[in-house]
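Worksheet: one structure, shown below.
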Amino acid sequence: MKVVILAGGLGTRLQEETEVKPKPMIEIGGQPILWHIIKHYSHYGLQEFYLALGYRGEIIKRFFMDYYSLNGSITIDLANGHVNRHDRECEDWVVHLKNTGQSTNTGGRVKQLEAFLNDGTFMATYGDGVSDLNLRDLLEFHRSHGRIATVTAVRPPARFGGLIFDGDNLVVDFTEKPQIGEGWINGGFMVFEPEIFNYLKDDDTSLEADALEHLASDRQLAAYRHEGFWQCMDTMRDKRLLESLWNERRAPWKVWQ
């Protein structure tokens, strides 16, 4: 099954990092968050990826070129320039890197991939969120309801501490980041049938505001509720959180060995 990763956005709220690199290339534990996302899918046997590129897409291309050529050990004979690569243990991924335009909207990026994806069910996600979601369960749920699209519904942790009162002023419980009160949101990790392309018109189409809204009104959109870990990387605070979880070996999204 093919996987689309939307990797073309500007990441304006992470300007400290995204002035020089696209958002999916911001590193967590020495690897881009894009690498973490692909590792997650690969863990469930998904090996073919279509990356919809936009802003600074050449940096993502260079990463995968170098990932192959620099993997493992290298011996260089400086006298004649011969390069011998050994101890190579490269990932078994096929990565298609598609330029979809600097200002193309999310739905437009998927639309440009129609020729490669119109032969069956495919998955899609954003290039800035990680989760411990079981992708097999997600796919099984999608196939069970027979709709065109499934999104993964998540309840993100609140930005501020939650208070529970006893009476007027006495706090009886304090939760630093409660997983309540935020409501269910689209956490990405979507599954689509080729009929999704009937809801995508051109480069200006929004996957969310146009396609998903219309699918919902046509009763063709289902949501798989994920109660586990999910975290996007919208701000430097989010990046620092993910970095600390990884460094402390407490990263819930690391489902691979």
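Read-outs throughout are calculated quantities, based only on the coordinates presented, and are distinct from any laboratory measurement. None of these values were measured; they are calculated from a predicted model. All Cβ positions, glycine included, derive from the backbone under ideal geometry; neighbour counts span all protein chains shown.
Angle, helix 57-69 long axis vs. longest principal axis of the chain, Cα atoms, 0 to 90°, nearest 10? With both axes taken from Cα atoms, the answer is about 60 degrees.
In the structure shown, the pairs 61/254; 39/201; 111/254; 201/254 are assessed against 29 Å; a Cα-Cα span above that value is assigned to 39/201; 111/254; 201/254.
Here the simple spin-label model places points 7 Å from the Cα toward Cβ, and for residue 92 and residue 237 these points are separated by 4.2 nm. Taking 7 Å steps out from each Cα toward its Cβ at residue 143 and residue 170 produces label points 5.6 nm apart. Rg over Rh for segment 53-98 works out to 1.10, using Cα positions for both radii and the Kirkwood form for Rh.
Check each of the trypsin sites (Lys or Arg not before Pro) in segment 42-130 and keep only those in coil by DSSP with at most 12 other C-beta atoms within 10 angstrom; list them in order. Here the sparse-neighbourhood loop sites are 88. Of the residues 135, 207, the one with the fewest other Cβ atoms within 10 Å heads the list, and the complete ranking is 135, 207. What is segment 10-55 by shape, rounded, prolate or oblate, if you read a ≥ b ≥ c off the alpha carbon gyration tensor as root eigenvalues and call it rounded for a/c under 1.5, prolate for a/b larger than b/c, and oblate otherwise? Oblate, because a/c is 1.5 or more while a/b does not exceed b/c.
If only the Cβ of Lys and Arg carry +1 and only the Cβ of Asp and Glu carry -1, the dipole of the chain around its Cα centre is close to 320 debye. Excluding same-chain neighbours fewer than eight residues apart, the aspartates and glutamates reachable from residue 23 by a Cα-Cα span under 16 Å are 58, 128, 234, 238, 243.
Longest exposed-loop-site-free stretch of the chain, with GluC sites (Glu not before Pro), DSSP loop and at most 12 other Cβ within 10 Å? It works out to 90-175. Altogether, the Stokes-Einstein calculation at 20 °C and 1.002 mPa s, with the Kirkwood radius of the chain over Cα pairs as Rh, returns a diffusion coefficient of 108 µm²/s.
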